[in-house]
Amino acid sequence: MAVAPKSGHTKLLKSVKPVLDRKIVRWYLMFFPFGKKGLTVGLDRELERRKCSGETPFEYFAPTYAETKDVDGKLVTTQESLLYNYFFIHCNEDDLFVLKRNQPQYSVLRRVTNSDGSYYYPYVKDSTIKTLQWIARSYGGYIPLYLLDQTLLIKGDRIKITKGQFKGIEAHLVTRPKSTVSQIMVFVDNWMCVPLMNVHPTQYEVIDINDSKEKEKCPHGLDNSNLSQELHDALCRFHKGETTEEDTKLAKSTYLMFSELKADTSILRCKLYSILLPACTILGDKDKTGGILKLIQVMLPKITAEQSLALLMVTLYGCTDNVFYHEKAHQLIESWKREEAPKKSKQILIQRLADYDKCLEH
């Protein structure tokens, strides 16, 4: 009885394999046309077309960042690709070519041929995309247009006025003399005080903060360990999507209680912001959160106390899920784990960092 040669069977498998692979859903790598505006407009248009026609939709990951400039007194925002004009699309090979047929401006990288004759188009694993998404979120987390909460500024903070009749002037904040009302004044060039009611938050940026060398007197409530722990627990539930009504009430009362509290040193400000930042994050108030992040960015170079810096880094990581804060927090705290008996304040931060790693899945 004649037996079919194995080589014929192998050839058949080789011809079938590419067809089977075309149905596998993966994160394929594509790239934008260079020098074009509206990078993702075509992708959104194709998704809408598929939705209307009842076709299977796809998911894409095309991280961009917004660069905002002041042009002739007007804010102009341009969109730029974060990953060198590359983006990723979650679909199978057949969907890739449907996309290319309808939106030919998007290109697929050249296919890779294996030694056995099979081939595939460049793609990445789901775990890699998850990491890239984390990095993209970290780059996009700091938006320069967030407004500063004037109540968080104190005497001695230095600002630069970016718009209006005082544009370009650097000024220090002072308190209004002989006034029972706490009003912030901008002290300009040693000869004039301008109330901040005439200089709006959109018209200045903080470029330096006051760091009093006087002996610290911790304002009432900043060392409240119970409140700090309750905010931490509430923040973990927030990341899990389990925020309760009590968590929201706690965040609101915390912000009302501490937002106008004055902390005159970088150490006290670390404590203050480590309370206010989780509260604003839980409330989902992006403007207030962004304003606090602005102040922290200016303050970071002034922090020399290791434990204060660690407190702020752990808080920043827990509130922003930022890969850079994650790395810095781990660098600062890793050595503490090797200590025989770390003090209680260190143990708390070690545990909080572990909690954030768990609920943020890192």
Check on Lys213, charged (D, E, K, R), within 25 Å of Ile303 (Cβ to Cβ) and at pLDDT 75 or above: no
Search result, residues across the range 74-97 that are touching a strand residue (DSSP E or B) at 6+ places or on another chain (Cβ under 9 Å) and either assigned to a helix (DSSP H, G or I) or modelled with pLDDT of 85 or more (or both): Tyr86, Phe87, Phe88, Ile89, His90, Cys91, Asn92, Glu93, Asp95, Leu96, Phe97
Any hit, the range 158-172, residues being within 25 Å of Ser266 (Cβ to Cβ), modelled with pLDDT under 75 and open to solvent by less than 40 Å² (accessible area, probe 1.4 Å): no
Whichever residue in the range 255-274 is more than 19 Å from Lys302 (Cβ to Cβ) and under 23 Å from the mean Cα position of the chain (by Cα) and, among such residues, is modelled with the highest pLDDT: Tyr255
Inter-residue pairs, beta-carbon under 8 Å, first within 19 Å of Arg352 (Cα to Cα) and without any contact (Cβ under 8 Å) to a residue 24 or more places away in the chain and in the range 237-254, second open to solvent by less than 100 Å² (accessible area, probe 1.4 Å) and not in a helix (DSSP H, G or I), 6+ apart: Arg237/Thr243; Arg237/Thr244
Evaluation of Thr64 against (1) of a type in the set (Ser, Thr, Tyr); (2) more than 27 Å from Lys125 (Cα to Cα); (3) at pLDDT below 85 (one fails), failing number: (2)
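The values are calculated or read from the model by the stated rules, or taken from the named source; none is laboratory data. For clarity, every value in this text was computed on a predicted model and none was experimentally measured. Positions of Cβ are backbone-derived with ideal geometry, glycine not excepted, and every protein chain shown enters the neighbour counts. The area values use the complete protein model at the heavy-atom level, side chains included, leaving out ligands, DNA and RNA. Shrake-Rupley method; radii C 1.70, N 1.55, O 1.52, S 1.80 Å.
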